[in-house]
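Participant: Mind having a look at this structure? Questions to follow.
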Amino acid sequence: MSILTGQYSCLESLEPCRPFTFSEVQIATQNFDESLVIGHGGFGKVYKGTIPNGESVWDVAIKRLEANSNQGAVEFLAEIEMLSKLRHCHLVYLIGYCNEGQEMILVYQYMPHGTLEHHLHTRGTPLSWIRRLKICIGAARGLDYLHTGAGVKHGVIHRDVKSSNILLDGSWAAKISDFGLSKVAPRNQPRTSVSTLVKGTFGYLDPDYVLTGRLTRKSDVYAFGVIMFEVLCRKQAVDRSLDEEQWNLARWAQESIKEGTLSQIVDPTLRGKISAKCLKEFARVADWCLQSHPKQRPTMGEVVIALESILALQDKSNNTWQSGVTIFGRQVPKLTFTSNTENSVGSKPLKSLETYLNTVGGSKRRLRRFDFDTILDATENLSEANIISQQAYAYIYKGSLENGQDIEILERGSGYQYIMNEASTLVNLEHENLVKLFGYCITRVKVYLLYEFAPYASLYDLIHDHWRAPLNWDERYKILLGVARALAYLHKEAPIRVIHRDLKPKHILLYENMVPRLSAFWYSRCSAIKDPDSITVFRVHGTRGHMAPEIVSNGPLSTKVDVFSFGVLVLEIVSGRDANYESLRTDISLEHRVWRNWLEGNLANIIDVRIVGDPSLMTRFIRIGLLCIQEEATDRPTMDEVVVMLLGRASLALPIPKVPSWVVEMNLDDTEDVSFEDYNDYVSFEDYNDYSSDELVHGR
């Protein structure tokens, strides 16, 4: 079932489609009167008609197959089969059909506003940015419902997603239509694809599908990315009237993003009406959908979450911009916030959050409350120049307080339960290798958390940014030892027992003298029980490439999930490889690669070539990493034991890691088909409103 179904609750309880006689259709269309033709496509003409509905009549759209049509019985039956099983408020509703003799006719719910394509490219209908966003969100919800198979046993790949197949009802709600080319694929087999003849519409076709013939959900995602740029730029997917380099909208838009000229191709009627952050995020999501490799694209569920966040950002931006800010050359006024936090907090969730943050930690460890003016002063009015990191739902600013202290300020507009989790965890912990949270600010629509500034950014930046000087071996060792000590503290020594649940390089911040500090406790779990292994959870959270096997199999979980993630971290630091990149963009994970080379004695294929150090010591660390990523949680050491291993001499004997079953069965030359991926770039099923990409709030 779709992760979004529960939230939107828009499955429609309508009667199943019924057969119509040909005479009924003739009466409905006044014998196919040409004046009632409202459209024409590959199937044939579409007529507006009326059918009895109790004591009233129902406006309908009637699509009649023409003899010379490019489509035929296969597409006709596919449409009936799909839409008779699927009911969702963002799918067009099939009322019935007629199949008499040579006649093949479909009867649909009438859409007063026609197609999105018609309004964008034919009528030139004035469409506000908010309306365009809502149309995109509706269409994305419909596609997510199809892909995740809500209400049916299989998921559906549409295969012809385009603006002319997005219909608009009387309230401008988007409805996905035209299922003649759609394909069914098992939703419970995420590593499968459908091999098929390439069909679709030029300009929207997934290049990978064209080259390989393998159809996946991500082919629909690609087409949706094209639609997003259509909506933003009001330009057709393919327009040969333009210069050759501008024929293909997707390619043109992506090049404009790279060159920093996207604002020049945005629909002129929108200029001055889109906030800078909103434009950047919208373009980022559209570009994400258009990635060349299907595995690099988001799921439609992730697209929905991102678009919802962008809509919220746009809705709120009119009340949060600073006076004098220039957007597309226009001055945008800013609502002035009062310094009184009590007066500035609007919604009930924010009021509850303020009360919580004001009391968490008790009288001795209470967080300091800052007013919004201090936030503005510290960040030069939340200047974009001060942004040091951004994700779909959060911005991190560098700031400076009046006393000269450099700080990091995290800005969020949602996910308040995770903010409470972060605050309640960190306020009760004190360790050299944990990030320091010391204050907060709440306005009408945003929450700001204040941390000590990390001058060396994150471990990820220093390992994987090859433009930086590489970390030497002593620095890498110091970082590993610090992180291991932090986890050992969390698991056994802290006043509360904590499972972090999302350890990765982006969540390890580096301070003076390369002291590492573990951050991002949004998804952590705490317990007062002395035995930390008794802490269990049954929700999936984590980042692909770093998650223990038991997380993927839905728990129950223990501190050993952090041990597994630490093992992956060891392998990343020693190899210089990105575990998440390996998992998403290659056919084998980092753990697979290291295990195979370890078994074959090819250590030169594992160790980062930029490291100069004792090979035997690096071999020892690889063994520690392999011990931590054992398949069975009970075979992994505790973090206390890992600290001892890291401090031990090279001569100290270490256990021999057991070889996981998946290593024995695999081969480095094995490849996989492009897959249906169920939210596995960044996995979080507990609150789908707040997180969807593979970046967490405090990630870099």
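Participant: Among S163, S177, S182, which is crowded, with 20+ Cβ neighbours inside 10 Å and at pLDDT 90 or above? If you could, list the steps in order and put the result at the bottom.
Facilitator: Working: S177 fails: at pLDDT 90 or above; S182 fails: at pLDDT 90 or above.
The unique qualifying residue is S163.
Participant: Would you say R476 is in a loop (DSSP other than H, G, I, E, B) and more than 17 Å from I407 (Cβ to Cβ)?
Facilitator: no
Participant: In addition: State whether one or more residues within region 500-515 are more than 27 Å from F372 (Cα to Cα) and assigned to a strand (DSSP E or B).
Facilitator: Yes: one or more hits.
Participant: Hey, any hits in region 34-45 for a residue that's at pLDDT 90 or above, within 23 Å of D169 (Cβ to Cβ) and of a type in the set (V, I, T)?
Facilitator: Within region 34-45, one or more residues are at pLDDT 90 or above, within 23 Å of D169 (Cβ to Cβ) and of a type in the set (V, I, T).
Participant: Does any residue of region 187-201 turn out to be over 30 Å from W58 (Cα atoms), at pLDDT 85 or above and surrounded by fewer than 24 Cβ atoms within 10 Å (Cβ to Cβ)?
Facilitator: Looking through region 187-201, at least one residue is over 30 Å from W58 (Cα atoms), at pLDDT 85 or above and surrounded by fewer than 24 Cβ atoms within 10 Å (Cβ to Cβ).
Participant: Something else: Taking region 244-267, which residues are at pLDDT below 90, under 13 Å from F229 (Cβ atoms) and part of a helix (DSSP H, G or I)?
Facilitator: If the condition is that a residue be at pLDDT below 90, under 13 Å from F229 (Cβ atoms) and part of a helix (DSSP H, G or I), then Q246, L262 are the ones that fit.
Participant: Are any residues in region 203-223 surrounded by 23 or more Cβ atoms within 10 Å (Cβ to Cβ) and either over 19 Å from the mean Cα position of the chain (by Cα) or of a type in the set (A, V, I, L, M) (or both), and if so, which ones?
Facilitator: Residues satisfying the conditions are Y204, D206, Y209, L215, V221, A223.
Participant: Select, from R141, R159, R132, the only residue that is part of a loop (DSSP other than H, G, I, E, B) and either of a type in the set (A, V, I, L, M, F, W, C) or within 20 Å of F229 (Cα to Cα) (or both).
Facilitator: R159
Participant: I need the strands (runs of 3 or more DSSP E) fully contained in region 364-449, keeping only those with at least 1 residues that are in contact (Cβ under 8 Å) with a residue 40 or more places away in the chain and of a type in the set (G, A, S).
Facilitator: Filter on region 364-449 gives 387-390, 394-400, 437-442.
Participant: Also: Limited to region 450-465, what total is found for residues that are assigned to a strand (DSSP E or B) and free of Cβ contacts under 8 Å to residues at least 12 places away in the same chain?
Facilitator: 0
Participant: Sticking with this structure for a sec: Could you check region 575-609 and list, in sequence order, the residues that are of a type in the set (K, R) and either assigned to a helix (DSSP H, G or I) or modelled with pLDDT under 75 (or both)?
Facilitator: R585, R593, R596
Participant: Those residues that are over 29 Å from N513 (Cα atoms), over 24 Å from the mean Cα position of the chain (by Cα) and either surrounded by fewer than 17 Cβ atoms within 10 Å (Cβ to Cβ) or of a type outside the set (V, I, T) (or both), I need them from region 413-466; list them, please.
Facilitator: C441, R444
Participant: Then there is this: Of everything in region 210-239, what is touching a Phe, Trp or Tyr at 6+ places or on another chain (Cβ under 9 Å), part of a loop (DSSP other than H, G, I, E, B) and over 15 Å from K183 (Cβ atoms)? Give them in sequence order.
Facilitator: Scanning region 210-239 gives K235, A237, D239.
Participant: For region 622-645, check the following and say yes or no: at least one residue is under 15 Å from L480 (Cα atoms), surrounded by fewer than 20 Cβ atoms within 10 Å (Cβ to Cβ), among the basic types (K, R) and at pLDDT 80 or above.
Facilitator: Scanning region 622-645 turns up at least one residue that is under 15 Å from L480 (Cα atoms), surrounded by fewer than 20 Cβ atoms within 10 Å (Cβ to Cβ), among the basic types (K, R) and at pLDDT 80 or above.
Participant: Contact list please: Cβ distance under 8 Å, first residue in region 605-624 and without any contact (Cβ under 8 Å) to a residue 60 or more places away in the chain, second residue among the hydroxyl-bearing types (S, T, Y) and part of a helix (DSSP H, G or I), pairs at least six apart or on different chains.
Facilitator: Once the first residue is without any contact (Cβ under 8 Å) to a residue 60 or more places away in the chain and sits in region 605-624, its partners that are among the hydroxyl-bearing types (S, T, Y) and part of a helix (DSSP H, G or I) give I606/S575; I607/S575.
Participant: Within region 516-557, take every residue that is modelled with pLDDT of 90 or more and part of a strand (DSSP E or B) and give me the one that is surrounded by the most Cβ atoms within 10 Å (Cβ to Cβ).
Facilitator: P516
Participant: While we're on this one: Within region 564-572, is even one residue modelled with pLDDT of 90 or more and acidic (D, E)?
Facilitator: Yes, there is a match, as at least one residue in region 564-572 is modelled with pLDDT of 90 or more and acidic (D, E).
Participant: Exactly one of (1) at negative phi; (2) surrounded by 13 or more Cβ atoms within 10 Å (Cβ to Cβ); (3) at pLDDT below 80 is unmet by I409. Its number?
Facilitator: It is condition (3) that I409 fails.
Participant: Are any of the residues in region 419-426 more than 23 Å from H491 (Cβ to Cβ) and not aromatic (F, W, Y)?
Facilitator: Looking through region 419-426, at least one residue is more than 23 Å from H491 (Cβ to Cβ) and not aromatic (F, W, Y).
Participant: Let me ask another. Scan region 113-124 for residues that are at pLDDT below 90, part of a loop (DSSP other than H, G, I, E, B) and closer than 21 Å to S177 by Cα and jot them down.
Facilitator: Residue satisfying the conditions is R123 alone.
Participant: May I pose another question? How about region 268-307: which of its residues are β-branched (V, I, T) and either part of a loop (DSSP other than H, G, I, E, B) or touching a strand residue (DSSP E or B) at 6+ places or on another chain (Cβ under 8 Å) (or both)?
Facilitator: I274, T299
Participant: Checking V152 against (1) under 30 Å from the mean Cα position of the chain (by Cα); (2) assigned to a loop (DSSP other than H, G, I, E, B); (3) at pLDDT 90 or above, only one condition comes out false. Which one?
Facilitator: Unmet for V152, out of (1) under 30 Å from the mean Cα position of the chain (by Cα); (2) assigned to a loop (DSSP other than H, G, I, E, B); (3) at pLDDT 90 or above: (3).
The values are calculated or read from the model by the stated rules, or taken from the named source; none is laboratory data. Keep in mind that what you see is a predicted model, and the values were worked out from it rather than measured. Please note: Cβ atoms are built from the backbone with ideal geometry, for glycine as well, and neighbour counts cover all protein chains shown.
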